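Data block below; observations after.
Just so it is clear, none of the values below were taken in a lab; they were calculated from the coordinates. Just so it is clear, the structure is predicted and the values come from calculations on it, not from any experiment. Positions of Cβ are backbone-derived with ideal geometry, glycine not excepted, and every protein chain shown enters the neighbour counts.
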Amino acid sequence: MRKPDDSGAVRPEGSRYVGSEGGQRRSGLDKASAAPSGPSGPAEPRPAPDSEAHLREILEAAEASLRSVTDNLQAMIAASPLATIALDLDCRITLWNPAAERMFGWTRAEVVGRILPHVPPSELPEIREIVRRVSAGEVIGGMELRRERKGGGAVLVELYAAPQRDPEGRIVGVMEQLADITERRQFDEALLQAQKMESIGRLAGGIAHDFNNMLTAISGFADLLVQDLPEEGDARESAETIRRAAAQAAALTQQLLAFSRRQVLEPVVLDPDATIEALEPMLRRLIGEDVDLRVSLRAAPLRMRVDPSQLAQIVMNLVVNARDAMPDGGRIVVETGRAAFDSAYASEHFEVTPGNYVMVAVSDTGIGMDMATRQHIFEPFFTTKEPGKGTGLGLATIYGIVRQSGGHIWLYSEPGQGTTFKVYFPTVADPASQPEAPPIDVAGGSETILLVEDESSVRELARTILTRLGYNVLAAADPREALAIVASHSERIHVLVSDVVMPVMSGPELARRIRMMRPNIKTLLLSGYTGNIIDRGDRLAGTDGFLSKPFTTNDLAQKVAEIIALPGEHGSGPVRRAPAGRVAGSG
C-alpha cells in the first residue's frame with residue numbers, strides 16, 4: 001500500500017527516510033527504486049553523492065571516537081599510580097608506563113622489547129609459569145613477588161595479571177599491574193617485632209620482679225651476716241661470696257627490667273655532650289689502642305630529658321659492641337646532633353612521634369650485620385658473640401631505656417660495611433638540671449616506721465635492718481593490716497615504707513589513704529618494678545622517695561635517713577632514688 005508523503009507523493013510502505021540538517025531526504029534505497037528502467041531491464045543502482053559523504057562522516061566519527069577512547073586509555077595508564085606492564089607470550093615487554101619507570105628505574109625505551117630486566121634471574125621460572133597460567137585464561141590477583149630496581153635494591157610488589165586479547169578475542173599477551181608494598185611490609189614487620197618485644201618484655205619484667213624479691217632477701221641477709229661475722233674466717237668469706245653473687249644477679253635483673261620498660265627512671269634535663277665528654281676517658285680505656293675513637297659534639301647546647309646513668313649505659317654499651325665488631329681494629333665515631341620528624345615520617349614509622357629530637361649516634365667500621373641478625377638484634381639473650389663473652393642483654397637494655405624515655409632507636413648495617421646506631425630523645429626547652437646534693441650519712445634514729453610488704457622474706461629483712469638502726473618498726477603483711485595499724489596506733493608514725501605492687505591495693509593508693517588520716521607522714525616506696533602504677537616520668541607524685549629492689553642494708557638505711565631529714569611534711573622534698581644493688585659497706 002502506498003502512502004502520500006509531505007509533498008503529496010506516494011511512497012511504498014517500508015521505504016526509509018534519513019534525517020539531515022535540511023530536513024528529511026530519501027535514502028539510497030528510495031532513489032534506486034525510483035530510477036528509470038533501461039531497455040534490458042532495471043538500471044544498476046548507484047550511490048547518491050550525498051550518501052557517500054554521509055558514510056565518510058560516519059567513518060570519521062567512528063575513528064574520532066576510537067582515537068578518544070585510545071587517548072583516554074593511554075592517559076589512564078600513564079596516570080596510574082600502579083606500575084602497568086604488558087608482556088607478549090615470550091615474556092618480552094610491550095608496555096611500560098611512567099609508574100613502572102618510577103618504581104624500577106628503567107625508562108620505557110630501555111625495556112620495551114626486552115625480557116623482564118626487573119625480574120631477578122632466580123625468579124624467571126616463576127614469571128614464565130605466571131604467563132603460562134594467564135595465557136590459558138586465568139586471572140591472577142594478590143601475589144607477592146620480589147623485583148629489582150635499576151642499579152640494585154629490591155622492591156616487594158603485589159601482582160595482578162590478566163590476559164591481553166586481540167580484536168578476535170585471542171590471547172596474545174599478559175597485562176600486569178604491580179603495587180609497591182615494600183614500605184607496607186616493613187611497617188607490618190616492625191609492628192610484629194614491636195608486639196613480640198612487648199610480649200617478651202612483659203615476661204622478662206614479671207620474672208625480674210619475682211626474682212628481685214628473692215634477691216632482696218638473699219643480698220640483705222648476706223649483708224647482715226657480713227656485719228655480724230668476724231673479719232677472719234671461712235664463714236665471713238662465704239657470706240661475702242653470697243653477697244657478690246647476689247649483686248651480679250641484681251645487675252642482670254636490672255637489665256631485664258630496663259628492657260621491659262618497668263624500671264623506675266629518674267630523668268633530668270641535661271646536655272648529652274657533657275655526659276659524653278665525661279665518659280670519653282673511660283671509653284678510650286675500654287676500646288684499646290687499636291681502635292680509633294672520634295667524638296664529634298655540637299657546639300650549640302642540646303637539651304633532653306633522660307636518666308643520666310642510663311644515657312651513660314647506652315653510650316658505653318654501644319661503644320663496647322662496636323669494639324667487639326672490629327677484632328682487627330678500626331674506627332668508632334660518637335656524635336650528637338639534632339633531628340626533626342614530621343607527621344609524614346611518623347605515619348610510616350609507628351613508633352615515632354612527630355617533633356624535634358636530640359640524636360646520639362655511634363658508628364663503627366666493623367663486620368656489620370645481615371638482615372637475619374638485624375631482625376633479632378634487640379631481643380633479650382640474642383647475641384652473636386662467643387659463649388661466655390656476652391649475655392645478650394646489652395642492646396635489649398638500650399631498647400627498653402630508649403622506649404621508656406619516649407625516644408626511639410634506628411639501626412643501619414650491612415655485612416662488611418660497619419654499623420650505625422642512632423638514638424633519638426625528644427628535645428626539651430627546660431634548663432639543665434642541677435646536680436643532687438650528696439647523700440646524708442645518718443647511722444639511724446628512733447622514729448616510728450610503718451613497714452608494708454607482702455613478701456615475708458623481704459618484710460623480715462627490712463624489719464631487721466630498721467630495728468638494728470634503732471627505729472620503731474610497725475610491720476604489716478598487706479594494705480588492710482596497715483590501715484588497721486594506722487587507725488589503732490595512737491603515737492606519731494613518721495615514715496611509711498611500702499611495696500608498690502601488692503594485693504588489694506597498690507602502694508601509692510595505700511599512701512594516699514594513710515595521708516588522709518596522717519597528713520604529716522612521709523612515704524618511701526619499694527619495688528622491683530612499677531608496672532603502670534607509677535607514672536614513668538621523673539616524678540613519683542605524692543611520695544618522697546623510691547628505692548629499687550634488690551636493696552642492701554646501706555641502701556635502705558641511707559634512703560630512710562634521707563626521707564626523715566626532708567623538711568616539712570610529706571612530698572615537700574625532691575624525689576631521689578638510691579642506686580640498687582650496692583654492697584653493704586662499699587659506699
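One table, with the values for the structure above:
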item: Amide H partners (placed H, <5 Å) of residue 326, local residues excluded; result: none
item: Net +/- balance of residues flanking residue 104 in space, Cβ distance below 9 Å, scoring K and R +1, D and E -1; result: +2
item: Under 5 Å, built H, 5+ apart or other chain: amide partners of residue 268; result: 306, 307
item: Whole-Hz couplings from phi, Karplus 6.51/-1.76/1.60, listed for the range 491-499; x for Gly and Pro; result: 8, 5, 10, 7, 9, 9, 10, 9, 5
item: Residue order, fewest to most beta carbons within 10 Å, for 295, 560, 131; result: 295, 131, 560
item: From phi via Karplus (6.51, -1.76, 1.60), per-residue ³J(HN,Hα) for the range 68-77 in Hz, x at Gly/Pro; result: 5, 5, 5, 4, 4, 5, 5, 5, 5, 5
item: Karplus-derived HN-Hα couplings along the range 354-371 (A = 6.51, B = -1.76, C = 1.60, θ = phi - 60°), whole Hz, x at Gly and Pro; result: x, x, 9, 9, 9, 10, 10, 10, 10, 10, 9, 10, x, 6, x, 9, 8, 5
item: Within the range 272-426: Cβ-based charge dipole about Cα centre, in debye rounded to nearest 20 (Lys, Arg +1; Asp, Glu -1); result: 360 debye
item: Intensity falloff of the range 272-426 expressed as log10 I(q)/I(0), Debye formula with alpha-carbon point scatterers, at q = 0.09, 0.14 Å⁻¹; result: -0.28, -0.69
